[in-house]
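See below for the structure under consideration.
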Amino acid sequence: MTRESWTTRLGFILAAVGSAVGLGNLWRFPWMTAENGGSAFLVVYLGIILLVGVPGLLAEFVIGRRSKRNPAGALYRLSNGSGSWGIVGLLGVFTALVLLSFYSVVGGWILRYVGASVTGAYFGNPGYFDAISFGAEAAAFHVAFLGLTAFIVVGGVRSGIEKATTVMTPLIVVMLAALAVWAISQSGADAGLAFYLDFDADYLQANPISVLQAAAGQALFTLSLGVGTMITYASYLGEDNSLAFDGSVIALLNTGVGVLAGLVVFPLLFALQGGLSETAAGGGPGALFVSVASAFQQVPFGQLLAVGFFGVVLLAALSSSISMLEIPVAYLVDEHDVSRRSATLGLAGLILVTGTVCALNPGLFTTVSGPVVDTLLTAGLAGFLVFAGWVLGGDALAEYGTGSGRIARALGVPWLWSIRTVLPVFLLVTLGLSLGLV
Ligand code: TRP
């Protein structure tokens, strides 16, 4: 049987943007920006996306397109059968399962909020989020979200993932832009914009390490790096176009969506709520849900707008969750001759259980979605960079150069040396800092 591949280059780009654009952009990014010095944080963040994110993305692309395999198979084969590198790849497959276990619980919350926007269940009920976020019902909605994810993945690369993201990704951007225009035009929105984009250089100067850490963690998470999602997606590339160009487009669109999300959330909160509610100021998983939801109840057609807003969040979450499930599916299909159907159903069954455990344990959920994921992503990306830089080395450069234009080719050698030296060190220092070792 021939391996699956994308139909078009655009299909690949939209699938990768769909993976990158998710809760990380719509929920985590605006809060991180507001809490870490506003547009001063934004500058640091953009620098890290450019200097760490894009090179990291390209390393994963190179590994994927070269090997045409899932992360475990890719590292194993490209190292001529080194078991240790195979295990590094396998770690990515494992991380994907961990990620999806908590991401699917959040997906369930969103699914619930779409429904609750239609019925108006949370209007005038600030305790709604706390009432639904953990417990048996949260588990049930997690299972429903997981079902949607599996339904798309079982369809395969072309008729499942590519078809779905070709519709979802543009829809997310358009709907979000429309919501931003609406939110900014509300009177009182300026205060929100000022809060969001306030250039607080003093904060940056006072907390350089924590800002850097926050920006680095956010950059990896939002670009879906360190797990092998981008290895897997690039492994389905049929023709050889410029990876550097595609990677830049993906990073640019992803960043744009994050900024846009902030332009929706903050004007809305300040115009309609008169500022941040207590929960919102503390960030936390409930922030988006509680604050934005209650802002909608005060405008005409608020329910309709709320359905649109949570609909966007749902699409974004779904186009990311399918990219998580696809990693272990690709692994079973490539390496163990399992059919896509059995692989998807079996893995969904496993995550049904692990996700339910997360949905019933707030403490576990918080640990897994925070420090555990941060550590796994950072370590994973460091592994991929060292692999591409030192094990593939010249071959990585050749793969990078295939199909790339003049500017991209000129940047090839600096790219190779950055992923060999500075970037792994940077990641390991970040890892050490977050584990309290440095
Ligand atoms: N990037 C997605 C977001 O911002 C999350 C995500 C999808 C992800 N696939 C991933 C994160 C793989 C890390 C690794 O919500």
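The values are calculated or read from the model by the stated rules, or taken from the named source; none is laboratory data. Keep in mind it's a predicted model, so treat the numbers as computed, not measured. Neighbour counts are summed over all protein chains in view; Cβ atoms, including those assigned to glycine, are modelled from backbone coordinates with ideal geometry. Please note that ligands, DNA and RNA were not included when accessible areas were found on the heavy atoms of the full protein model with its side chains. Shrake-Rupley method; radii C 1.70, N 1.55, O 1.52, S 1.80 Å.
Summary of computed values
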| quantity | calculated |
| --- | --- |
| Listing of helices (runs of 4 or more DSSP H) fully contained in the stretch 15-132 that carry 2 or more residues being modelled with pLDDT under 95 and at negative phi | 29-35, 39-48, 83-119, 128-132 |
| Selection within the stretch 342-376 - among the hydroxyl-bearing types (Ser, Thr, Tyr), modelled with pLDDT under 95 and within 15 Å of residue 107 (Cβ to Cβ) | 369 |
| Search result, residues across the stretch 226-266 that are within 24 Å of residue 410 (Cα to Cα), in contact with an Asp or Glu (Cβ under 9 Å, 6 or more places away or on another chain) and within 14 Å of the ligand (Cβ to nearest atom) | 230, 231, 234 |
| Within the stretch 120-148, tally of residues that are open to solvent by less than 30 Å² (accessible area, probe 1.4 Å) and among the polar types (S, T, N, Q) | 1 |
| Every pair of residues 6+ apart whose Cβ atoms lie under 6 Å, when the first sits in the stretch 33-48 and is under 12 Å from residue 219 (Cβ atoms) and open to solvent by less than 10 Å² (accessible area, probe 1.4 Å) while the second is hydroxyl-bearing (Ser, Thr, Tyr) and part of a helix (DSSP H, G or I) | 41/33 |
| Inter-residue pairs, beta-carbon under 7 Å, first farther than 17 Å from residue 306 by Cβ and in the stretch 175-187, second open to solvent by less than 60 Å² (accessible area, probe 1.4 Å) and among the hydrophobic types (A, V, I, L, M, F, W, C), 6+ apart | 177/260; 184/263; 187/271 |
| Answer from 4, 60 - the residue that is out of contact with any Asp or Glu (no Cβ under 7 Å at 6 or more places or on another chain), within 11 Å of the ligand (Cβ to nearest atom) and of a type in the set (D, E, K, R) | 60 |
| Some residue of the stretch 202-215 being within 16 Å of the ligand (Cβ to nearest atom) and in contact with a helix residue (DSSP H, G or I) (Cβ under 9 Å, 6 or more places away or on another chain) | yes |
| Counted residues, the stretch 194-216 - those being farther than 30 Å from residue 373 by Cα and crowded, with 17+ Cβ neighbours inside 10 Å | 0 |
| Considering residues of the stretch 87-119 that are more than 20 Å from the chain's Cα centre (by Cα) and open to solvent by less than 10 Å² (accessible area, probe 1.4 Å) only, the residue nearest to residue 320 (Cα to Cα) | 113 |
| Within the stretch 22-48, considering residues that are aliphatic (A, V, I, L, M) and under 15 Å from residue 194 (Cβ atoms), the one farthest from the ligand (Cβ to nearest atom) | 40 |
| Helices (runs of 4 or more DSSP H) wholly inside the stretch 225-341 containing at least 3 residues that are touching a helix residue (DSSP H, G or I) at 6+ places or on another chain (Cβ under 6 Å), open to solvent by less than 20 Å² (accessible area, probe 1.4 Å) and at pLDDT 95 or above | 229-234, 243-273, 302-336 |
| Close pairs from the stretch 370-393: first open to solvent by less than 10 Å² (accessible area, probe 1.4 Å), partner among the acidic types (Asp, Glu), Cβ under 7 Å, at least 6 apart | 384/60 |
| Within the stretch 394-419, tally of residues that are surrounded by fewer than 17 Cβ atoms within 10 Å (Cβ to Cβ), in contact (Cβ under 8 Å) with a residue 12 or more places away in the chain and among the charged types (D, E, K, R) | 1 |
| The listed residue being open to solvent by less than 10 Å² (accessible area, probe 1.4 Å) and either of a type in the set (A, V, I, L, M) or farther than 23 Å from residue 14 by Cβ (or both), out of 152, 172 | 172 |
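This table checks each residue for (1) part of a helix (DSSP H, G or I); (2) hydrophobic (A, V, I, L, M, F, W, C); (3) within 16 Å of the ligand (Cβ to nearest atom).
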| site | (1), (2), (3) |
| --- | --- |
| 371 | yes, no, yes |
| 380 | yes, no, yes |
| 418 | yes, no, no |
| 428 | yes, yes, no |
